[in-house]
Each structure stands twice: as C-alpha cells, then as structure tokens.
Amino acid sequence: MTVFVVSLFLPHTINFQLPTSTRYSYGSRPVAAKHITTRIETEAKPSLFAQRDITPPRTPNADIDHDDEFFAHAENTELHPHFPKNANIAPSDPHAPAWGSGRLFNQPQSRASSLPPADILKHSKLSEKAIQLGRAGVRQPQLARSDSHDRVFAHADWTVVSADQGNGGLRNAVEAAVRCGKLHDKIWVGTLGMPTDALEDTQQKQDIEDRLATEYDSLTVFCKDSDFDGHYTHYCKQILWPVFHYQIPDNPKSKAYEDHSWVFYVKVNQAFANKIVKNWKRGDSIWIHDYHLLLVPQMVRKKLPDAKIGFFLHVAFPSSEVFRCLAVRKELLEGMLGANLIGFQIHEYARHFLQTCSRLLCVEATNDGVQLEDRFVDVINLAIGIDPIALDMNRADPDVASWMQTMEERYRGKKLIVARDKLDHVRGVRQKLLAYELFLNKNPQWRDHVVMIQVATSTTELSELDATVSDIVTRVNSSWANLAYQPLVYLKQDISYAQYLALLTVADALMIASQREGMNLTSHEFLFCQDGKFKGHNKYGSLILSEFTGSASVFGGAELSVNPWDYRQCAEAIQKALEMGDDERKERWTKLYAAVMHHTAEHWFSAFLQRLDKVYEEQHKRDTTSVPRLSLNILGNLYQKSERRLFIVDYEGTLASWGSPTNIILTSPQRTIDVLNDILIDERNIVYVMSSRQPEELDRLFKRVPNLGLIAENGCFLKEFGQSTWKEMPDPEKMQAWKDSVEGIMTYYQERTPGSWIETRHCSIIFHYKNAEDFETASRQAGDCASHINDACEKQRVRAIPIDGAVAVEPIDWSKATAAKKIFEGLKKGIPPNVEYTSPIDFLMVIGDGRDDEVIFRWANDLDKEGTVANVTTVSLGSRNTEAGYTLTQGVTAGVLTVLQKLAMLPPK
C-alpha cells in the first residue's frame, strides 16, 4: 500500500548551475548569470512569485562571520542571513520560518504579472478588449525579456536540493515514521516551489519530473506561474490565512481579489487532483494537507469514488461566524468533506468545523463527524508534535555546545526570556514586547537582571508593524540600557539551527503570544531542550504560552497561560516565570515534558493513518454497493427454523409513504393492517412499529391491530406488546424545561422565515420550512437555528438534527435503540407476564429507511456479533449509506408488506 503525502510544496526543489561567463542585461544594468537567483523565502512568501525586483539580493561572501552577528544589538540593522550547516533541518512548526531561508538558489523568474483590479473582471466586450491590450502591450517587454531568460535555464545543468519552504512539521513526521518502520511506501505530491513557466516545452521539465519520481519518491505538480501566484500569494495568503486566524480582510483590495483569485485556487487544486488520480492504484491511501488544498478531497472523490482519502488542517479552523464571511464557504466545506477522515489539531477546531457544516450546509453533525446523504465523514482531533529522536541527534552538533558556552558567557548572571516568531499580526510580537515593557516598568528590581531575546523574521509587506515593533524596542532599550546591559535584543533575521537549539537550552523561559495559531511546536522543542541532557542546564524553564494556540490545549494548564491582549496578565506571567520556586518549576516542566513525548510527530502520523484505515473499512461496509440485497428464500428458512421472533418495523417511509407533515397516509391501509394481523396470528411472533409520531396518532392508526407493540416519538414513548397503556421514558419535567428554551429560539427564527411553522410534540419540537416563501433564505435560517440550539442547549441533553425541509430537536438520551433495548430486556424476563415463553428470542428483524433508524440497526447488529440472538436481519430501504445488513431497493413500502406477508404464510417446519 502506497501513501500519497500531498502538500503544496515538495521537500525538494531544483538548483540550476548557470555558467559564470553567461551575461545578459535586465533593464540598464548588466548582471552575471550566476546572480540571477531566487531567494527561497518562508512558507508565507515562496520563491519569486510575489517579487518584482529584477536584481535579486547577492549571495553573501563566504568570509563573512555571520555567527558573530547574532549578538548585534542595533535593532534596525539588516543582517545577512546565516547559512545553517545542516540544510536538511526543517522547522518543526508547520508555519514557522524555514531554517536556511537565506539560501539562494539559481532558479527561473516568475512570468506571473499582477492580478487585474476588480473592475476588469466584469464580463463585457470592453473588459475583454482591455485584457487583450494588456497582453499585447503592457506585458510585451516582459515576455521578450522572459524569452532570453528562459534560454539560459533551458540548457543549464541542475541538481535536486532540499527545499526550505513547506510544512516542516509534516516533513519531520514522515521521516520519523519511515525511521520507525511504520511507513514503508510513500509518494510525495507537490510543487517545486519555484517558477516553472521557463521550463515549458523542454525536455528538462520531463527529466526533472522523472528524477524526482524515481529517486525521491515525489510526483511533481506543475502549475502556470500566474495560477500559482493567484492561488498562493493572493487567495491563500490574503483571503484564507487571515480568515482562518480570525482576521477578516477589510481592505477593498482583499475583497476584490477574493472573487478572481478563487479561479486560480480552483485551478491549482484541480492540478493536484489530476496528478493523484493519474497515479492512484486500488489500495493506496491519499493524505492531503492544509488550507492550500481544501478542494482536492472532493475533486479526487468525484473521479475515484472508492479511494481512501484523509485530510488534515494544520492551522486553526475559525468559528462559523468568521468562516461564513468567505464568499465561497460552501465550496470549501464540500471540498473538505470529500475525505473519509478529516483531522484537526485540537477539539476546538474540530467542533468549529462540525458547527460550521451544520450551519452552512444543513447537514447532521455529530460528535464523531458529518452525516451526508450518501456517506459518513469522520472528524477527529489529533495534535501534531516534534520528532524527539531527530532533535536529540541535532543537539549533538558541536556547534550547539559552542554556542551555549558563548551565550552563557555573554549573559552570565542574567535571566533569559527567548522567543522566535514570524513578524506578522497573528504572532503577537507587538503585544509581547509591550507586556515585557510593562513588566520592566512595574518591577524595577529585575532591571539589569533579565534579557529578552526576540528573533523575528521580517517581511517587507508588514512595514507598518515592523516600524511599530522597532519603536517599542528603541523605547525599551533607551529607557533601561547601559554600557553593560541591554534589556531587549531584537533580531530582524533568522538564526542558525545550532544557535536556535543552544538558545532554547540556556533560556530560563520561552514566551509565545500568538493571537491565534494552530499549534506552536517551538514550545515543544523548548521543553525538550530543557531536559538536562547538557550538564548544568536542567533549569526546567518556564513556558509562557498564549491560550489561543493549539498547544495550550495539549498541555492542560501546566504552562503559564496568558491572553496576549491582556498586557498586565502577560507581565505578571513573566514575573512568575522568573520568580517561580524550583519545586514548582520542575513539577510543571515534568507534566509538560510528558505531553511533548506523547504527542510526537511519529505518533501523530501513525495514529492518523491507523484511524483512516479503520474509518475507511467501516464506511465501506456501510456503502450501498457493499450491502447485499435481501434474499427472501434465506430469510424464509431462518424464519421457519426459529421458535421465538421479534419484528421491529419503522412506520414513516417503510409501512407508510410520506404524505403531508401533519397527516401521513398509510399505503394500502387495509392491506397494511391485514398483513400485521396475519403475522401476529402466530403466537411466536412479536411485532413493534416505531415512529416519530405522537402516541395518540399511532393509537388511531393501529387501533384495529390488537397486541401490536408501539414505539412513539423515536423512543420516548413505549406501548409494550399485549399492553394497552403507554410508558413515557424521559422525565416530563425535564422535557418541559428544555422545550421552553428551544421553543423560544425557534420562534425567533420562525418569525424571520415567512411560510415556516413550528410543530410541538410531547418530547420533540420541529421547525418546518419546506414551504417557506424563500427556500434558500429559509435553509440558511434553519442552519443558524440548529447551530444556535446545539450551542445553547448542549447541557440540557438535546440536539437539533437537520432533516428534509425541517429541523427536529429531540433528547439525546432516548432513541429507537434505547426503546428496543428495553423491549428486548423485558422479553428476556418474561414480559408481558400473562404470556409464557419457552425459549429466548432467536429471530430478530429490524426494517427502516431513515437516518434515525441507523441507531437501532447498530444495536441489532451488536446483538448478532455478541451471539445474543441466533439470527439477526437488519434491512434498509432504498439506496443509501447504511449500517443495515441488507437492502430492499424495489417496491419499497409495498416490498416490505410483501416480505412480511410471505413470512406469515410460511408453514412451520
């Protein structure tokens, strides 16, 4: 079995070896070909797709001692990036700046031009003419320049190198799974993270693809530069990334980009899906990663209905109120729901996704997943972690020990608070530095004794934030710095991996102030590096962690949790971290370390694939194409051999066809009653009819069928076989309490939905909107209503379930299965008492057609697995995903009556 690991970027890219003698001119300045390079940026700014400068930065000279610059204190000095000695190291945090992000590769320039303004998108002859003129005029010089540029790369030698961009946490997890022997056959699927239009129609492109496939187990997805630019730079980073991190784009430019950059997002996702479909073989697993590829699961599902597909979102998933702001929200959700299993970092994100599906798609969302019309999609939360084995090996690098010694000498007698973040609004660097400033203001005794080292990788697109942070740094250092002390070291550059590990080891505290973050694996690496492996460095450092990171849910309160917007609380956390006693410090670290060692990268990777195999097998069994048709001959033989039989048959859609919501008309009423009476003639038969209708309605419908058992309101009322009185299962007082709450919520939405109405039953309430004047608006209101009720009434043990044209609210603790269980237990005890039984139930048949019947199918199938009942037959009507053992697709209600009638006519053996 092959596992397709699908992410936007491959773990490898291409470096072209250009001849140094080749020269050609860009603009008015001649440039050596060896300097025509693209800097591989962090995952937030890949390659040259968003870069327009025709003169890229020069490669630093080898004789510059970059390591010494780590301690430069001029906060606004731009430093050359340091080249790490181990270029294969990936940052554990999926969205952290990449190690070695300063490396320069010789790669083609992008042909992508800036996207047009929103008004050009109008489909008119004028706009089409403008686009044509744009191609012919404005872009002509660029194209001419590209032809010369392309010829240089078309014949250049090249090598495959480790890429800096991409999901480092995923890469580390794959390597850990391979090392542990839990992943034997894998194929990476992704892009090269570089412009590829220059390779078009060349043998070079095919050679690159072939080599990556044969030597690096990688399938390369080639996209047009313009498609990738629109997909990644615009839609992913300007639309999805902010929304997923609770930052609604309010810039008119962002809103304009949303519509037309969506086209490029779809194109790139389709390119990934096509590559997967072309190479997939039966038995392979497809695991798709992150918000760049939300549409791929459904695209693959359309072409490969039987494929085993998993999807994992590495970033946070916002609440439904935020997610609904996206213009294409339904398409994104439906894209994700193409998977068999969807994974999130923590429970909060999974709950947000389920609520959003219920609210926007009006589907049934349970704690385990989403019930679609034709299948069930499992949803789990599974936190990613670090790779302790690889991290421990990297700590053995002599450079780590050397840097530890250097930092100890530099900061002897000082407490160190460290941090490494990307400089954007989500990471909360500004809030963190303001809190540190407040701490120094309120605690003068700590001045001269504490230093914060903030490593921040800067981006040119956030110049305003950069300036604000620099002002804070200047203010802090100008207030308390002296010749021998600087309270805040601010590095607008990344550092080498050895420096990073050394910094985490000697630190007294790590501070993370992210405003929203899927996980933060820097905190995991810090805790691991504090394990005391290096003599004299078992400080058991304190972790100050924002409550809005996924890691905060994993650590369970052993960290110092802070709200990054509460500067006073953050300042107090800094003080506590520095003044905490040794015993408490060690106790906290021990608990945190245990969590880190449990949630490892290898555990995450293996656990997800194991769960994917399990849910795929369970879902495949429930697929209508896998469920056999009911055989009347086999059923008849089992019936004749049995001594005591129990039938539980659904009413709506099974014994009766659906009529109006208030008056379901029996199919061939006389025939139905005759068949039920015929099968009850045999004293060995016990028959129950189950329904969502009220007890009075069932009494009226079946008054001519004596000894018939009845289950009303989906298990809340029970009239036992041979009895004349009803038993109410739930407590009436508790029922009325939640009904009052739910009715008030429903009334609010009913008043805003013309044509809708509320039906109140004894133990349930239904909001009907099928005949609403505006069905689309009514559907949206119904989704909001269901989400509102599920949030507000969760503790009252009720749930809102979307059904066809309605939302039904009923108690969680009572169902058709609980009623069936009570019936079965009673029959084993000899109930009703006036009937004598000489043998236990040895024949059980359950027939139903709806989603609410799945719980009783499951109950009956469990009895079969346990061997409690010799012969169990569960039958679902129609063609849909089901847990029933058999299907009856022809005749439907008439077919059920025919089956029961033929059984009643069989002579005993």
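Quick look at the values:
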{"quantity": "Of the criteria (1) within 26 Å of Gly805 (Cα to Cα); (2) touching a residue at least 40 places away in the same chain (Cβ under 8 Å); (3) aliphatic (A, V, I, L, M); (4) assigned to a strand (DSSP E or B), which one Ile758 fails", "calculated": "(2)"}
{"quantity": "Filtered residue count, the stretch 363-419, keeping only those that are touching a strand residue (DSSP E or B) at 6+ places or on another chain (Cβ under 8 Å), among the charged types (D, E, K, R) and farther than 14 Å from Leu504 by Cα", "calculated": "4"}
{"quantity": "Residues of the stretch 517-559 satisfying the condition of being touching a residue at least 40 places away in the same chain (Cβ under 8 Å) and on the phi > 0 side of the Ramachandran plot", "calculated": "Tyr540"}
{"quantity": "Inter-residue pairs, beta-carbon under 8 Å, first in contact (Cβ under 8 Å) with a residue 12 or more places away in the chain and in the stretch 607-630, second buried (at least 18 other Cβ atoms within 10 Å of the Cβ) and assigned to a helix (DSSP H, G or I), 6+ apart", "calculated": "Leu630/Val899"}
{"quantity": "Selection count, the stretch 469-490, where residues are surrounded by fewer than 14 Cβ atoms within 10 Å (Cβ to Cβ) and either hydrophobic (A, V, I, L, M, F, W, C) or in contact with a helix residue (DSSP H, G or I) (Cβ under 6 Å, 6 or more places away or on another chain) (or both)", "calculated": "2"}
{"quantity": "Strands (runs of 3 or more DSSP E) (entirely within the stretch 647-720) containing at least 2 residues that are at pLDDT 90 or above and over 22 Å from Ala808 (Cβ atoms)", "calculated": "685-690"}
{"quantity": "Asp623 under 30 Å from Val370 (Cα atoms), over 21 Å from the mean Cα position of the chain (by Cα) and either surrounded by 15 or more Cβ atoms within 10 Å (Cβ to Cβ) or outside the structural domain of Val675 (by TED's automatic domain parsing) (or both)", "calculated": "yes"}
{"quantity": "Residue selected from the stretch 679-695 under the condition over 43 Å from the mean Cα position of the chain (by Cα) and aliphatic (A, V, I, L, M), by the criterion farthest from Phe647 (Cα to Cα)", "calculated": "Ile681"}
{"quantity": "Count of the stretch 721-738 residues which are of a type in the set (A, V, I, L, M) and modelled with pLDDT of 90 or more", "calculated": "1"}
{"quantity": "Residue in the stretch 722-773 that is surrounded by the most Cβ atoms within 10 Å (Cβ to Cβ), counting only those that are in the same structural domain as Ser692 (by TED's automatic domain parsing) and polar (S, T, N, Q)", "calculated": "Gln723"}
{"quantity": "Filter result (buried (at least 18 other Cβ atoms within 10 Å of the Cβ) and in a helix (DSSP H, G or I)) within the stretch 594-611", "calculated": "Ala595, Val596, Ala601, Glu602, His603, Trp604, Phe605, Phe608, Leu609"}
{"quantity": "Any chance Val835 is outside the structural domain of Gln736 (by TED's automatic domain parsing), at positive phi, touching a Gly at 6+ places or on another chain (Cβ under 8 Å) and modelled with pLDDT under 90", "calculated": "no"}
{"quantity": "Out of Ala350, Ala383, Ala339, Ala396, sole residue that is in contact with a His (Cβ under 6 Å, 6 or more places away or on another chain) and farther than 25 Å from Ala778 by Cβ", "calculated": "Ala383"}
{"quantity": "Cross-chain or 6+ apart pairs with Cβ under 6 Å, the stretch 560-574 first and in the same structural domain as Leu433 (by TED's automatic domain parsing), then of a type in the set (S, T, N, Q) and in a helix (DSSP H, G or I)", "calculated": "Val562/Gln569; Asn563/Gln569; Pro564/Gln431"}
{"quantity": "Residue identified as surrounded by fewer than 19 Cβ atoms within 10 Å (Cβ to Cβ) and closer than 30 Å to Asp290 by Cα among Leu423, Leu372, Leu337, Leu341", "calculated": "Leu372"}
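The values are calculated or read from the model by the stated rules, or taken from the named source; none is laboratory data. In this text, all values refer to a predicted model and were calculated from it rather than measured experimentally. Backbone-built Cβ (ideal geometry, glycine too); neighbour counts: all protein chains shown.
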